[in-house]
Amino acid sequence: MKRGDVWLLAVLAVAVVSFKLPDWLSPQDSRGELRAEIYVDRELYRTVEPKGEPREIEIRTARGVNVLRVSEKGVQMIEADCPDKLCIAMGRIDAAGESIVCLPHRVWVKMVGAPPGGDVPDAIVF
C-alpha cells in the first residue's frame, strides 16, 4: 500500500465518520411526537397517539365497519367488511407520511408528526 493510498483511506474514513456522527449521537427514539389522524368522509374523526397499551378503535359508518389496532409499534387496520380488504393488506404504518386508505368506506388513516430532523419521505408508493 502506497503512501497516497493511506491518505486517501484516512480522508474517506474521516468523511464517513463526520456524516454518520449526528445519527450515532442522536437518541434512539428521535421520531418526534408521532400521531395518527383518522378521517371519515374527508373530516377528522379522531386523533390517536401510538403510545401505551395496545387498543382497538372501531369505526362504524353507514358504509361499513373498520377496526384499527393502535400500539407502540404503529397503527394497523385489522378488520374491515369492505369487499376488497386492501386496507388490511397495507399493513402497519409507523412513520410520518404513511397512510392506510379504505376507499369503499371512505376511511383514511395517516401518520403525522415530522421527526426533529425533518426526515420525511417525499412520496410513498404501495
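Considering region 96-121 alone, what residues qualify as being modelled with pLDDT under 90 and either aromatic (Phe, Trp, Tyr) or under 8 Å from the mean Cα position of the chain (by Cα) (or both)? Once the filter is applied, which keeps residues that are modelled with pLDDT under 90 and either aromatic (Phe, Trp, Tyr) or under 8 Å from the mean Cα position of the chain (by Cα) (or both), region 96-121 yields Ala96, Gly97. Within region 51-99, being of a type in the set (Asp, Glu) and within 15 Å of Arg35 (Cβ to Cβ) holds for Glu72, Asp94, Glu98. Considering every residue within region 58-75, establish whether at least one is closer than 22 Å to Val125 by Cβ and hydroxyl-bearing (Ser, Thr, Tyr). No, region 58-75 contains no residue that is closer than 22 Å to Val125 by Cβ and hydroxyl-bearing (Ser, Thr, Tyr).
Take Ala62 and decide whether it is part of a loop (DSSP other than H, G, I, E, B), surrounded by 11 or more Cβ atoms within 10 Å (Cβ to Cβ), at pLDDT below 95 and among the hydrophobic types (A, V, I, L, M, F, W, C). For Ala62, the condition - part of a loop (DSSP other than H, G, I, E, B), surrounded by 11 or more Cβ atoms within 10 Å (Cβ to Cβ), at pLDDT below 95 and among the hydrophobic types (A, V, I, L, M, F, W, C) - is not met.
Tell me which residues, restricted to region 91-110, are surrounded by 17 or more Cβ atoms within 10 Å (Cβ to Cβ) and of a type in the set (A, V, I, L, M). Within region 91-110, Ile93, Ala96, Ile100, Val107, Val109 meet the criteria.
Just wondering, is there one or more residues in region 75-84 that are under 18 Å from Arg42 (Cβ atoms) and out of contact with any helix residue (DSSP H, G or I) (no Cβ under 8 Å at 6 or more places or on another chain)? There is at least one residue in region 75-84 that is under 18 Å from Arg42 (Cβ atoms) and out of contact with any helix residue (DSSP H, G or I) (no Cβ under 8 Å at 6 or more places or on another chain).
Restricting attention to region 79-106, report how many residues are in contact with a strand residue (DSSP E or B) (Cβ under 7 Å, 6 or more places away or on another chain), at negative phi and of a type outside the set (A, V, I, L, M, F, W, C).
Narrowing region 79-106 to residues in contact with a strand residue (DSSP E or B) (Cβ under 7 Å, 6 or more places away or on another chain): 79-82, 87-88, 90-102, 105-106.
Filter again for at negative phi, leaving 79-82, 87-88, 90, 92-96, 98-102, 105.
In the following step, the residues that additionally are of a type outside the set (A, V, I, L, M, F, W, C) were identified as 79, 81, 92, 94, 98-99, 105.
Residues flagged as in contact with a strand residue (DSSP E or B) (Cβ under 7 Å, 6 or more places away or on another chain), at negative phi and of a type outside the set (A, V, I, L, M, F, W, C) within region 79-106 amount to 7.
In the set (1) hydrophobic (A, V, I, L, M, F, W, C); (2) at pLDDT 95 or above; (3) surrounded by fewer than 13 Cβ atoms within 10 Å (Cβ to Cβ); (4) closer than 30 Å to Leu25 by Cβ, Ile124 fails one condition alone, (2).
Which of the residues that make up region 40-55 are under 18 Å from the mean Cα position of the chain (by Cα) and farther than 16 Å from Val112 by Cα? Before the answer, list the steps.
At the first step, the residues of region 40-55 found to be under 18 Å from the mean Cα position of the chain (by Cα) are 46-52, 54-55.
Correct list: Gly52, Pro54, Arg55.
Among all residues of region 45-52, there is at least one that is outside any strand (DSSP E or B) and modelled with pLDDT of 90 or more.
The values are calculated or read from the model by the stated rules, or taken from the named source; none is laboratory data. Model, not experiment: these values are computed from the prediction. All Cβ positions, glycine included, derive from the backbone under ideal geometry; neighbour counts span all protein chains shown.
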